[in-house]
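Student: First the structure, which I've put down as structure tokens, then a few questions once you've had a look.
The values are calculated or read from the model by the stated rules, or taken from the named source; none is laboratory data. All figures in this text were calculated on a predicted structure; none of them were measured in a lab. Cβ sites come from the backbone with ideal geometry, for glycine too, and all protein chains shown count toward neighbours.
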Amino acid sequence: MTGKGYAVDLEMVSKEAEEYARTVPLGYDGKDAWIFDIDETLLSNLPYYAAHGYGLEVFDREKFNNWVEKGVTPAIEPSLKLYEDVLNLGFKVILLTGRSERHRSVTVDNLINAGFKEWDQLILRLEVFDHEQFNNWVEKGVTPAIEPSLKLYEDVLNLGFKVILLTGRSERRRSVTVDNLINAGFKEWDQLILRNSDDQGKRAVLYKSEKRSEMEKDGYRILGNSGDQWSDLLGSSVSVRSFKLPNPMYYIP
């Protein structure tokens, strides 16, 4: 995580996504969407994991929630760049996160402070994750950006994509997620989709598939999708192209 490989992989995935975004002919109805996950896609929790064994320690939800609630998670710069690019290209940005809705305020603040200042929807989980520690961290709104993802984000925005952030975060953490994204450098998106009460307990791959299906019913053409988990990308209503960021710290089915 601290060596060159992780950073190079982030840059490469974001660059490939940006190159793809620039080739996409967008429609004129404002329904071309780009979905972003938040944690380890737009914002990096590496500072937290660095202090806790890079995933070797047993996950302490309360400690992680305390970290989130600080609202200082930095942007992943390549993702911030991609986010900005897809916004500038005209995509509707939707943030779809596994964070809980209770962390919306701190997440919004963290997003905004990290540089993610605009999106169409921020979708969070309405209730828990039962991850009190992680929720406390999310509510701090200090999750840093993943730099290559920030760059890709900026690039796809600039190319005219509609950026949609589709995250496992809860709807109650919308505000903090928005702030965290913006503060990390992700300042614009079309939608930020978080989990609501009906989504609690669903496996991530089902939750995100259902949300993508809803986007398509609303007329969106999902042309690009960036996430750090396979569950961000697989399932039904998948994107024309999907880009998986590396995350050796944890796995969400």
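Student: I need every pair where a residue in region 111-124 that is within 13 Å of residue 154 (Cα to Cα) has its Cβ under 7 Å from the Cβ of a residue that is charged (D, E, K, R) and in a loop (DSSP other than H, G, I, E, B), sequence separation at least 6 or different chains.
Tutor: Final answer for the pair search is 115/187; 116/187; 117/187; 118/187; 119/190.
Student: Tell me, please, whether a residue that is surrounded by fewer than 24 Cβ atoms within 10 Å (Cβ to Cβ), without any contact (Cβ under 8 Å) to a residue 24 or more places away in the chain and part of a helix (DSSP H, G or I) can be found in region 51-72.
Tutor: yes
Student: Please enumerate the residues belonging to region 209-253 that are farther than 18 Å from residue 13 by Cβ, among the basic types (Lys, Arg) and touching a residue at least 24 places away in the same chain (Cβ under 8 Å).
Tutor: Matches in region 209-253: 211, 212, 221.
Student: Within region 146-162, can you find the residues that are part of a helix (DSSP H, G or I) and not hydroxyl-bearing (Ser, Thr, Tyr)?
Tutor: 148, 150, 151, 152, 154, 155, 156, 157, 158
Student: Applying the selection to region 69-118, what residues are closer than 22 Å to residue 30 by Cβ and acidic (Asp, Glu)?
Tutor: 84, 85, 118, listed by residue number.
Student: Scan 151, 202, 162 and give me the residue that is of a type outside the set (Val, Ile, Thr) and surrounded by fewer than 24 Cβ atoms within 10 Å (Cβ to Cβ).
Tutor: Just a single option satisfies the conditions, and that option is 202.
Student: Please enumerate the residues belonging to region 20-41 that are without any contact (Cβ under 8 Å) to a residue 60 or more places away in the chain and either in a helix (DSSP H, G or I) or under 15 Å from residue 232 (Cα atoms) (or both).
Tutor: Correct list: 23 only.
Student: Just give me the residues in region 194-253 being of a type in the set (Val, Ile, Thr) and within 30 Å of residue 54 (Cα to Cα), in sequence order.
Tutor: 205, 252 - these are the residues of region 194-253 that are of a type in the set (Val, Ile, Thr) and within 30 Å of residue 54 (Cα to Cα).
Student: Hey, does region 83-104 have a residue that's farther than 27 Å from residue 218 by Cβ and assigned to a helix (DSSP H, G or I)?
Tutor: no
Student: So, in region 165-199, of the ones that are among the polar types (S, T, N, Q) and out of contact with any Ser or Thr (no Cβ under 7 Å at 6 or more places or on another chain), which residue ends up surrounded by the fewest Cβ atoms within 10 Å (Cβ to Cβ)?
Tutor: Taking the candidates together, the pick is 197.
Student: Failed condition for residue 100, given (1) closer than 22 Å to residue 161 by Cα; (2) surrounded by 24 or more Cβ atoms within 10 Å (Cβ to Cβ), with all others met?
Tutor: Tallying (1) closer than 22 Å to residue 161 by Cα; (2) surrounded by 24 or more Cβ atoms within 10 Å (Cβ to Cβ), residue 100 fails exactly one: (1).
Student: Restricting attention to region 163-190, report how many residues are assigned to a strand (DSSP E or B), charged (D, E, K, R) and within 22 Å of residue 221 (Cα to Cα).
Tutor: Selection size over region 163-190: 1.
Student: Then there's this: Looking only at region 214-253, count every residue that is over 23 Å from residue 84 (Cα atoms) and either among the polar types (S, T, N, Q) or modelled with pLDDT of 95 or more (or both) and tell me the total.
Tutor: 7
Student: Restricting to region 213-250, what's the tally of residues that are outside any helix (DSSP H, G or I), within 26 Å of residue 7 (Cβ to Cβ) and of a type in the set (Gly, Ala, Ser)?
Tutor: The total comes to 5.
Student: Could you tell me which residue of region 3-50 is surrounded by the most Cβ atoms within 10 Å (Cβ to Cβ), considering only residues that are among the basic types (Lys, Arg) and out of contact with any strand residue (DSSP E or B) (no Cβ under 7 Å at 6 or more places or on another chain)?
Tutor: Top of the filtered list is 15.
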